[in-house]
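Take a look at the structure set out below.
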Amino acid sequence: MLAMGGAILAAVPVVVAQEPPTAYPPMHRLTQAEYDGTLRLWRQKFPQWLTLHSRGLSGQNMPVYLVKVTDPTVADTDKQVCLVTALHSGPERSGTTAAMAFTEWLLSDAPEAAETRRRQIVLIMPVVNPLAMFHTDRFRNEHGVDPYTGLGRSGKVWDVKALAVLKPEEAPELVAVVSVIDEYKPDVHVDLHGTGMQEYAPEQLGARRMYHGQIMFEVTGSAYSNFALRPWDWRVTEAMIAAGREAGFPSDRFEADAQRIFGGPELAPLSKKLWSGSAMFYTAHYGYAKYHTMASALEVAWEQSAIARLRGLLRIGNGVWADERVAGYPVNRVKSFVGTFVTAYGPSAAERRRSRIELWNRQGDFTLGILYPQTVARAAVVCATSAAAKRAIATADLPTLNRNLRGFLGAPAANIERFIGAGPEIKLGLETPPAALLLAKDDAGGLIEHGIGFRLRLPYRHATHLDLQLNGEPLAESATNGYESWSADGFTQVQVNVPPERARQTGLFFVTCSYQPDRAHATGWLPPPEVQQRLATAKAEATPPTFTDVPYGPHFRQTIDFWRARSNRPTPLVYYIHGGGWAADDKSEIHRHLDVRALLDAGISVAAVNYRFLQDANAARITPPVEWPLGDARRGLQFVRSKAREWNLDPTRVAASGVSAGGCASLWLGLHDDMAEPQSADPIARESTRLYCVAAKAPVTSLDPKQLREWIPNSIFSAHAFGFAGMSRAESFAPFLAARDSYLPQIRRFSPIEFASSDDPPIFMDFPTQDKPPVPGEAQTDPNHSAVSGLMLQRKLEAVGVKVELRYRGDSKSGHANIQEFLIDLLRPAPTGSQPQRKVAP
């Protein structure tokens with residue numbers, strides 16, 4: 001089948017032999033006379049269970065039948081209602097034949113069928129579009145309307161806002177289905193689809209007979225075209241899938257099996273990587289929109305598969321759902337907020353259905369809230385259904401809330417005040433901003449007529465000593481006027497039941513619950529005791545900085561974290577500059593590349609700097625924008641040196657380190673002539689920028705696009721550093737390369753390799769993503785972080801006598817293994833009485 005759940009796949013040429021192969025003999029085609037005759041026979045044979053009704057006339061005055069199956073010896077009051085339709089009956093013939101086979105099973109003596117008849121009212125509409133089923137084999141009726149999607153010749157025939165059929169005279173099939181839904185207000189609605197003749201061209205229809213072995217890929221729960229048509233609880237879908245699988249019929253799981261996510265407006269550019277379906281209003285959504293009916297769909301290749309999967313669904317309605325206490329489908333929660341729910345009220349299924357429908361159609365005007373933060377041994381939920389109640393809770397301030405509640409509830413509010421006062425919560429967290437609640441106006445909805453419920457879930461299996469209050473008044477255990485509690489789904493479920501006579505008295509429902517957990521769940525993870533002892537974790541979590549976010553400039557990004565090594569004499573310093581293309585990340589990145597604790601243990605202090613990004617410079621119209629991140633790296637270094645006495649630093653033993661763009665900045669500082677301004681009135685600007693050594697991981701050593709392309713033909717780095725913004729690096733590189741000569745003075749000003757000279761400090765460069773020996777002129781797997789860039793700098797520096805170590809994965813070299821080892825080896829303080837081997841200008 002090509003049309004699955006209304007989604008027509010791209011047409012492809014179909015060649016049909018005049019006579020099918022003998023292995024696939026023709027299948028019997030159900031006629032209208034056989035269909036009508038079968039329904040009448042069932043009515044005659046099973047009058048005690050089956051009633052047959054015509055719910056209207058389709059094209060050419062053909063009746064649209066409703067089959068109702070239930071055991072009338074059991075009162076309908078506590079029965080669930082399940083509607084089964086075949087909205088694409090006609091071309092999708094197996095949907096109709098599955099509905100017929102299912103009805104036949106439901107009328108059988110099978111124990112499960114008998115139990116279902118006792119517990120549920122099952123409504124079946126096997127042929128919604130008889131003209132299509134028995135005559136045209138097309139989706140639409142004689143007026144061009146598709147009963148499944150609601151599409152007509154001029155668009156949708158549905159007014160979704162009003163939940164009405166726009167031209168009922170052109171869509172009698174829809175009117176028939178809607179009349180059934182309006183009368184019975186089903187708890188679930190399952191629509192059956194399948195395979196048939198829908199993709200056969202008129203000249204290919206021939207005798208209009210399918211063949212034995214003509215199947216389709218079966219799917220359960222939803223439609224390929226419409227991901228909004230599905231049960232809201234995936235466990236319902238899985239129950240149907242499991243039942244089918246047990247019978248030998250597996251199912252596709254849509255986006256789950258395709259391993260794709262749903263789309264939306266902001267994801268539109270990724271449309272080819274998203275699930276192909278859309279969220280649309282189909283006829284099966286009518287019950288959901290109006291009555292909170294759970295909708296589902298099945299694609300059917302084999303009738304027995306549909307029976308198995310429908311039985312999996314019916315078992316849910318016959319039994320008690322995973323976290324409920326009464327039998328029935330999981331359809332009674334109408335509004336939620338942070339794990340708490342407004343639920344239908346009622347001891348019987350009929351009462352719950354009536355309450356559910358009222359609350360469902362009014363819940364959009366309710367406001368929910370909880371005490372925040374949520375706290376062990378305490379739970380609270382508030383629901384305001386009237387304008388006066390909304391104004392009473394329209395505050396995050398707890399003293400004001402208490403005062404408002406006293407005015408609204410009177411003396412019982414004192415109990416709520418005591419509950420609030422006994423806890424550490426800081427506010428009432430509301431789903432609607434208080435300012436909006438203060439503007440609430442009374443509407444015509446009035447008070448709740450059919451009762452209301454609330455579900456709290458305490459995060460313990462067996463919480464004890466429950467103390468429930470509603471609006472400050474104690475609640476007793478009761479299924480009709482109070483609360484119930486039970487253990488299910490890992491929670492202690494607490495259901496608060498507010499009967500109609502009580503719900504009509506107020507528009508405010510403030511539920512408080514204190515309880516005793518059945519076990520202690522620890523909060524606040526700490527490392528093992530041995531690690532805590534070695535790292536002093538009990539006093540400082542995970543090696544926190546001595547000073548955090550020390551400003552070295554007015555911009556919020558111009559801050560430094562500093563870790564002070566313990567020492568009686570000035571310590572060397574590692575000055576770390578984070579990566580991120582000068583456009584992302586921050587100084588906390590240091591922990592991904594350096595072991596700060598090991599540096600401190602080696603007697604080396606550490607500073608990590610944040611800097612202004614390229615986008616900050618672009619916004620300020622700085623040219624070139626790279627001047628800001630590199631200038632901030634320089635200023636931060638001078639600032640740290642200015643703190644040498646205060647922070648016990650040796651200003652002559654400062655190393656720079658960084659990754660990617662931070663590595664480039666580190667090399668720029670290390671190779672550049674001293675940028676101190678001795679005559680400046682600013683004492684920080686007078687500090688030296690010279691370094692003792694540099695350790696860089698995956699740095700870019702040049703910002704010259706021509707030079708980079710000569711080294712690495714697929715290089716795309718550096719254009720963004722010179723103002724080529726608003727496009728990808730690959731897109732911006734070509735225009736930058738073309739304009740290179742006009743930018744050359746600026747390029748040379750900020751390219752580390754331009755400053756290579758014999759007085760430069762020792763350099764260590766590591767390229768961990770390099771996957772082959774670096775050869776200039778060869779394309780690289782990771783061109784932005786290639787060892788070729790390091791190799792070219794190494795050659796230039798070694799030519800003037802500067803010591804350089806270049807490492808990459810699998811290089812088989814000896815020496816320092818990484819930047820950490822290099823830094824500790826060169827910076828580790830010399831023993832007392834000895835002199836350091838290298839000095840730089842302070």
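The values are calculated or read from the model by the stated rules, or taken from the named source; none is laboratory data. If you're wondering where the values come from, they're calculated on a predicted model, not measured in any experiment. Quick reminder, even Gly has a Cβ in these numbers, built from the backbone with ideal geometry, and neighbours come from all protein chains shown. The area values use the complete protein model at the heavy-atom level, side chains included, leaving out ligands, DNA and RNA. Shrake-Rupley method; radii C 1.70, N 1.55, O 1.52, S 1.80 Å.
Key figures
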{"quantity": "Accessible area in the full protein assembly, largest first, 1.4 Å probe, for 158, 486", "calculated": "486, 158"}
{"quantity": "Estimated [θ] at 222 nm from DSSP helical runs (n ≥ 4, -39500 (n - 2.57)) normalised by residues in the chain, nearest 500", "calculated": "-8500 deg cm²/dmol"}
{"quantity": "Karplus-derived 3J(HN,Hα), 6.51/-1.76/1.60, for each residue of the stretch 328-334, Hz, glycine and proline x", "calculated": "x, 6, x, 10, 9, 9, 10"}
{"quantity": "Rough spin-label spacing in nm, given labels placed 7 Å along Cα→Cβ, for residue 799 and residue 348", "calculated": "9.7"}
{"quantity": "Lys/Arg +1, Asp/Glu -1 at C-beta; the chain dipole; positive extreme among 487, 708, 426", "calculated": "426"}
{"quantity": "Paramagnetic reach from residue 622 (point 7 Å along Cα→Cβ, amide N under 15 Å) across the stretch 728-759", "calculated": "750"}
{"quantity": "Within the stretch 88-116: backbone nitrogen closer than 11 Å to the residue 315 label point (7 Å, Cα to C-beta)", "calculated": "none"}
{"quantity": "Residues of type lysines that residue 390 reaches as a straight line, Cα spacing below 29 Å, ignoring anything fewer than 8 places off in the same chain", "calculated": "161, 290, 335, 427, 441"}
{"quantity": "³J(HN,Hα), Karplus 6.51/-1.76/1.60, whole Hz, each residue of the stretch 495-505, x for Gly, Pro", "calculated": "10, 9, 10, 10, x, x, 5, 7, 5, 6, 8"}
{"quantity": "DSSP bridge pairs, the stretch 550-625: antiparallel proportion in percent, nearest 5", "calculated": "55"}
{"quantity": "Eligible lysines near residue 813 by straight Cα distance, threshold 23 Å, same-chain separation 8 or greater", "calculated": "697, 772, 796, 803"}
{"quantity": "Under-5 Å amide H pairs with residue 805, H placed in peptide plane, nonlocal only", "calculated": "763, 764, 765"}
{"quantity": "With Cα atoms, 0 to 90° folded angle of helix 398-409 axis to the chain main axis", "calculated": "20"}
{"quantity": "Theoretical gain in end-to-end length, residue 728 to residue 182 [0.36 nm per residue, Cα-Cα removed]", "calculated": "191.1 nm"}
{"quantity": "For the stretch 226-351, projected area of the alpha-carbon convex hull averaged over all directions, nm²", "calculated": "9.8"}
{"quantity": "Peptides 209-222, 26-39 ordered by average Cβ neighbours within 10 Å, highest first", "calculated": "209-222, 26-39"}
{"quantity": "Relative contact order %, the stretch 628-780, counting alpha carbon pairs below 8 Å whose residues are six or more apart", "calculated": "27"}
{"quantity": "Cβ-defined net charge surrounding residue 319, 10 Å radius [Lys, Arg +1; Asp, Glu -1]", "calculated": "0"}
{"quantity": "Charge dipole (debye, nearest 20) of the chain; +1 at Cβ of Lys and Arg, -1 at Cβ of Asp and Glu", "calculated": "1240"}
{"quantity": "Using a Förster distance of 30 Å, the FRET efficiency for residue 569-residue 809 (Cβ separation, nearest 0.05)", "calculated": "0.20"}
{"quantity": "Residues of the stretch 354-389 with amide N under 16 Å of the 7 Å Cα→Cβ point at residue 432", "calculated": "359-370, 382-389"}
{"quantity": "Residue 262 paired with residue 115, simple spin-label distance in nm, labels 7 Å along Cα-to-beta-carbon", "calculated": "3.3"}
{"quantity": "Pairwise label distance in nanometres, residue 270 with residue 738, each label 7 Å out on the Cα-Cβ vector", "calculated": "3.2"}
{"quantity": "Charge dipole (debye, nearest 20) of the stretch 274-327; +1 at Cβ of Lys and Arg, -1 at Cβ of Asp and Glu", "calculated": "120"}
{"quantity": "FRET E, pair residue 217, residue 34, Förster distance 25 Å, beta-carbon r, rounded to 0.05", "calculated": "0.35"}
{"quantity": "Whole-angstrom gap from the stretch 175-251 to the stretch 254-269, using each part's C-alpha centre", "calculated": "22"}
{"quantity": "Rounded tilt (10° steps) of 349-362 against the dominant C-alpha axis of the chain", "calculated": "50"}
{"quantity": "Contact order relative to length of the chain, as percent, for alpha carbon pairs under 8 angstrom and 6 or more apart", "calculated": "7"}
{"quantity": "Length gained when the stretch residue 677-residue 441 is fully extended (0.36 nm per residue, less Cα-Cα span)", "calculated": "78.2 nm"}
{"quantity": "Cβ-based net charge around residue 714, under 11 Å, with every Lys or Arg adding one and every Asp or Glu removing one", "calculated": "-1"}
{"quantity": "Loop sites in the stretch 309-396: trypsin sites (Lys or Arg not before Pro), DSSP, at most 14 other Cβ within 10 Å", "calculated": "325"}
{"quantity": "Pairwise FRET efficiency - residue 817 versus residue 706, Cβ, R0 = 41 Å, nearest 0.05", "calculated": "0.75"}
{"quantity": "Separation between Cα centres of the stretch 19-90 and the stretch 569-640, rounded to whole Å", "calculated": "74"}
{"quantity": "Neighbourhood charge, 12 Å Cβ-Cβ cut-off, centred on residue 216 and excluding it, Lys, Arg +1 and Asp, Glu -1", "calculated": "-4"}
{"quantity": "Charge dipole (the chain, unit charges on Cβ, about Cα centre) - positive-most of 102, 824, 25", "calculated": "824"}
{"quantity": "Helix 740-750 vs. the chain, principal-axis angle (Cα, 0 to 90°, nearest 10)", "calculated": "70"}
{"quantity": "Alpha-carbon centroids, the stretch 692-743 and the stretch 413-429: separation in whole Å", "calculated": "60"}
{"quantity": "Among 277, 306, 339 the positive-end extreme of the charge dipole of the stretch 219-346 (Cβ point charges)", "calculated": "339"}
{"quantity": "Linear extension gain, residue 396 paired with residue 775, 0.36 nm per residue minus alpha-carbon span", "calculated": "130.0 nm"}
